Structures are given as C-alpha cells and as structure tokens.
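Quick one: structure below, then a few questions.
The values are calculated or read from the model by the stated rules, or taken from the named source; none is laboratory data. Just so we're clear, the structure is a prediction, and the values are computed from it rather than from any experiment. Heads up, the Cβs are rebuilt from the backbone with ideal geometry, glycines too, and the neighbour counts pull from every protein chain shown.
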Amino acid sequence: MEVNCVENGADALALVRQYEYDAILLDLMMPGMNGFDFLDALRAEEPRMVERTIVVTAFSRQGHPPAVDGTFAVIRKPFDIESLMSVVELCVSEEWER
C-alpha cells in the first residue's frame, strides 16, 4: 500500500483534491481542521469518498457521533494493527463496490 500522512484536515482535503485514493484513514481529533470538519468538506466535494473513509476515534464505545455516519467503519482507540489492517483491506478490496 502507498500511504500519504498529514497532520490536519485541511492538508488531507488538499490531497484528496489532488489525488485519487482507495481509502481514507481519519482521526477525528486533529489540530486546525479536525476530522468532523474534514468529513463535512468531503461530503460537499467528494461525497463518494465518505463511504471509503475509516474513522479512528477515542470517543466512548457507546455509539459514535452522528457526523461519522456513512463512513466505511469506525475503529475505536486503542486498536490492534491486525484489526485495522483487516478493515483497510476490506475497504480497498474489489469485493466492496465503489
């Protein structure tokens, strides 16, 4: 897999505008444009990519914020790398209709 890493939502949005991605792994709590704001912007600009976004969060296990509805998956912190990779592989697999 080829990966691009950024520190905030504004930089991530700039990359999404420039490149085509198979999946997005998104932390909700970032400086500047956080993950919630990024998802709002992504819904407006590239709504199909929301379905290809995997949210990583430390929010409580009792549900998730409505702002992440429509994303591929929500992974709670802490997580193990094997679980994360399984979700990423499913998200980018041919089995998942794009």
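Tell me, which helices (runs of 4 or more DSSP H) wholly within segment 1-93 include 2 or more residues that are touching a helix residue (DSSP H, G or I) at 6+ places or on another chain (Cβ under 9 Å) and among the hydroxyl-bearing types (Ser, Thr, Tyr)?
In segment 1-93, no matching helices (runs of 4 or more DSSP H) lie anywhere.
Across segment 58-72, which residue is farthest from PHE38 (Cα to Cα) among those that are surrounded by 18 or more Cβ atoms within 10 Å (Cβ to Cβ) and modelled with pLDDT of 85 or more?
Ranking the qualifying residues of segment 58-72, first place goes to PHE72.
Identify the single condition in (1) over 22 Å from SER86 (Cα atoms); (2) at pLDDT 95 or above; (3) of a type in the set (S, T, N, Q) that ASN34 does not satisfy, given that it satisfies every other one.
(2)
Which one is nearest to VAL68 (Cα to Cα) among residues in segment 17-56 that are surrounded by fewer than 17 Cβ atoms within 10 Å (Cβ to Cβ) and among the basic types (Lys, Arg)?
ARG43
When the residues of segment 1-16 are filtered to those that are of a type in the set (Asp, Glu) and surrounded by fewer than 15 Cβ atoms within 10 Å (Cβ to Cβ), which remaining residue is modelled with the lowest pLDDT?
Filtering segment 1-16 for residues that are of a type in the set (Asp, Glu) and surrounded by fewer than 15 Cβ atoms within 10 Å (Cβ to Cβ), the one modelled with the lowest pLDDT comes out as GLU2.
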